[in-house]
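Please read the structure below before turning to the comments.
The values are calculated or read from the model by the stated rules, or taken from the named source; none is laboratory data. Everything numeric in this text was worked out from a predicted model, so none of it was measured. We place every Cβ from the backbone using ideal geometry, glycine too, and count neighbours over all the protein chains shown. Calculation scope for accessible area: heavy atoms of the full protein, side chains included, ligands and nucleic acids excluded. Shrake-Rupley method; radii C 1.70, N 1.55, O 1.52, S 1.80 Å.
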Amino acid sequence: MSKPRTLRIDIWSDVMCPWCLVGWGGLQKGLELLDGEIEADVRWHAFELNPDMPPEGEESAAHIMRKYGSTPEQGKAVQGRMRQAAEGAGVSLDYEGPDPEPQRWMWNTFDAHKLLTWTGEEHGAEKQTELKLALFRAHFNQRRKIADHAVLLDVAEGVGLDRAGAEAALASEELAHKVRAEERAARDLNITGVPAMIVENKFMIPGAQPAEAYADALRRVAEKVPA
């Protein structure tokens with residue numbers, strides 16, 4: 001039996017983005033359909049949905065109404081569709097805490113991206129993905145303040161990263177420049193929404209897709225790109 005083909009997948013996404021988590025779940029299910037045929041080497045890249053979000057954040061429903069001009073009823077309908085999509089993708093957007101469900105908030109994610117960039121550079125792609133998923137869980141399932149350095153450091157430490165190293169990463173101006181460079185790269189690639197996945201530096205899969213769509217797209221790429 002031949003070895004599975006490994007394809008590099010660069011994903012631009014934001015920790016605040018529910019469709020990014022849904023897309024990740026769909027990609028994993030797509031890869032399950034390709035078991036023994038195709039594997040993925042995933043790298044995460046910075047994209048801020050709200051780069052001007054202030055440190056104090058903004059309540060999610062109010063933010064969506066202000067940004068998109070939607071009514072509370074429309075906002076609830078969108079939330080319902082997202083929950084359905086998440087369930088189909090095998091991921092959860094639901095609060096899992098012991099207390100009554102708190103309000104959803106949107107936070108500035110620039111420092112989270114600095115931490116992800118550092119993790120990818122210093123600890124590799126698998127650890128970067130582990131941190132990314134932990135940040136998704138901290139935001140969606142635990143409703144933690146992702147803009148807070150103490151929270152970011154706790155999440156980093158929770159996946160086995162050195163707290164002092166993570167703290168230095170958050171203070172690094174060099175990493176800030178790298179995050180901005182990744183965001184410029186997204187604009188150069190005409191990425192205006194996330195998730196956006198680029199396979200083998202050539203083929204883009206935009207938005208959150210069903211598992212079958214990911215499997216089909218990856219098969220087509222594998223056929224076109226020499227091993």
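What to note about this one:
- Taking the criterion of being open to solvent by 30 Å² or more (accessible area, probe 1.4 Å) and within 24 Å of Gly30 (Cα to Cα), the residues of region 86-119 that qualify are Glu87, Gly88, Gly90, Val91, Ser92, Asp94.
- Residue in region 203-212 that is in a helix (DSSP H, G or I) and either touching a Phe, Trp or Tyr at 6+ places or on another chain (Cβ under 6 Å) or open to solvent by 40 Å² or more (accessible area, probe 1.4 Å) (or both) present: yes
- Residues located in region 71-85, provided they are under 18 Å from Ser60 (Cα atoms) and either in a helix (DSSP H, G or I) or of a type in the set (A, V, I, L, M, F, W, C) (or both): Pro72, Glu73, Gln74, Gly75, Lys76, Ala77, Val78, Gln79, Gly80, Arg81, Met82, Arg83
- Leading residue by the ranking (farthest from Met204 (Cα to Cα)) among those in region 32-46 that are hydrophobic (A, V, I, L, M, F, W, C) and open to solvent by 30 Å² or more (accessible area, probe 1.4 Å): Leu33
- Scope region 47-65; condition without any contact (Cβ under 8 Å) to a residue 12 or more places away in the chain and either assigned to a loop (DSSP other than H, G, I, E, B) or exposed (fewer than 11 other Cβ atoms within 10 Å of the Cβ) (or both); matching residues: Asp52, Glu56
- Matching residues, region 173-192, being surrounded by fewer than 14 Cβ atoms within 10 Å (Cβ to Cβ) and part of a loop (DSSP other than H, G, I, E, B): Asn190, Thr192
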